[in-house]
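Have a look at the structure below before the remarks.
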Amino acid sequence: MADLTTLARPYAKAAFGVAMESNELENWSSMLSLAASVASVDTIRAVLGSPTLATEQLAQTLIDVCGDELDQKGQNFMGLLAQNKRLGLLAEISAIYEIFKSNQEKSVDVEITTAFEISSDASDKLAQALKIRLQRDINLASKVDTRLLGGAIIRAGDTVIDSSIKGKLNKLAEAMNS
């Protein structure tokens, strides 16, 4: 079977195209995120996977649960997904859409994990350095993981920079074992 990302990409691209055309990137982001969240609930997932319901009923079930959060274009999109038996791909479609949106807006979500809490000044300096390096606006989120012992792990899209003590020790152990 084809990879879920491969199946989801054309739908995400289509949604992104419609959103760009109508200048509704944020609205589509919200609609796809909500629909993906709703579709991931166990009871809803069971209903959407039911072979006894017609595609119109599947789409309408999702639309009804989402309520007024889906505009007419969003509802039509859910109908298209239901017709093609792709409602189960909503989480992947939403994630790929967010990548397209970030690329369009020239921004990237960056997560920094450190062993200790960092100051807002250090966080700002890091964001500036990453902005220059990645040539994008940075949406920085930080978290603490004491298991790192020291240093930091920075995740920006597909890029991972591991300068943690734990990561360096693991690399050293691998080098010694090979």
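Data overview
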{"item": "Qualifying residue in the stretch 143-161 (condition: polar (S, T, N, Q) and surrounded by 13 or more Cβ atoms within 10 Å (Cβ to Cβ))", "result": "no"}
{"item": "Meets criteria (in contact (Cβ under 8 Å) with a residue 40 or more places away in the chain and either among the basic types (Lys, Arg) or assigned to a helix (DSSP H, G or I) (or both)) for Ala35", "result": "yes"}
{"item": "Positions within the stretch 95-125 being of a type in the set (Val, Ile, Thr) and farther than 17 Å from Asp145 by Cα, in sequence order", "result": "Ile96, Ile99, Val108"}
{"item": "Conditions (1) part of a helix (DSSP H, G or I); (2) out of contact with any Phe, Trp or Tyr (no Cβ under 6 Å at 6 or more places or on another chain): number failed by Lys85", "result": "(1)"}
{"item": "All positions within the stretch 14-29 that are exposed (fewer than 14 other Cβ atoms within 10 Å of the Cβ) and part of a helix (DSSP H, G or I)", "result": "Gly17, Glu21, Glu26"}
{"item": "Flag for Leu48 being modelled with pLDDT under 90, under 27 Å from Asp158 (Cβ atoms), in contact with a Gly (Cβ under 9 Å, 6 or more places away or on another chain) and not small (Gly, Ala, Ser)", "result": "no"}
{"item": "Pick from the stretch 120-153, criterion among the polar types (S, T, N, Q) and at pLDDT 85 or above, ranking: nearest to Ser102 (Cα to Cα)", "result": "Asn139"}
{"item": "Test set (1) surrounded by 13 or more Cβ atoms within 10 Å (Cβ to Cβ); (2) in a loop (DSSP other than H, G, I, E, B) - Thr52 fails condition number", "result": "(1)"}
{"item": "Condition met for Leu25 (touching a Lys or Arg at 6+ places or on another chain (Cβ under 9 Å), among the aliphatic types (A, V, I, L, M) and closer than 23 Å to Thr5 by Cα)", "result": "yes"}
{"item": "Thr43 vs. criteria at pLDDT below 90 and either crowded, with 19+ Cβ neighbours inside 10 Å or not in a helix (DSSP H, G or I) (or both)", "result": "no"}
{"item": "Complete set of residues in the stretch 100-111 that are part of a strand (DSSP E or B) and touching a residue at least 40 places away in the same chain (Cβ under 8 Å)", "result": "Val108, Asp109, Val110, Glu111"}
{"item": "Residue selected from the stretch 65-110 under the condition more than 18 Å from Phe16 (Cβ to Cβ) and among the aliphatic types (A, V, I, L, M), by the criterion surrounded by the fewest Cβ atoms within 10 Å (Cβ to Cβ)", "result": "Val65"}
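The values are calculated or read from the model by the stated rules, or taken from the named source; none is laboratory data. What you see is a predicted model, and the numbers here were worked out from it, not measured in a lab. Please note: Cβ atoms are built from the backbone with ideal geometry, for glycine as well, and neighbour counts cover all protein chains shown.
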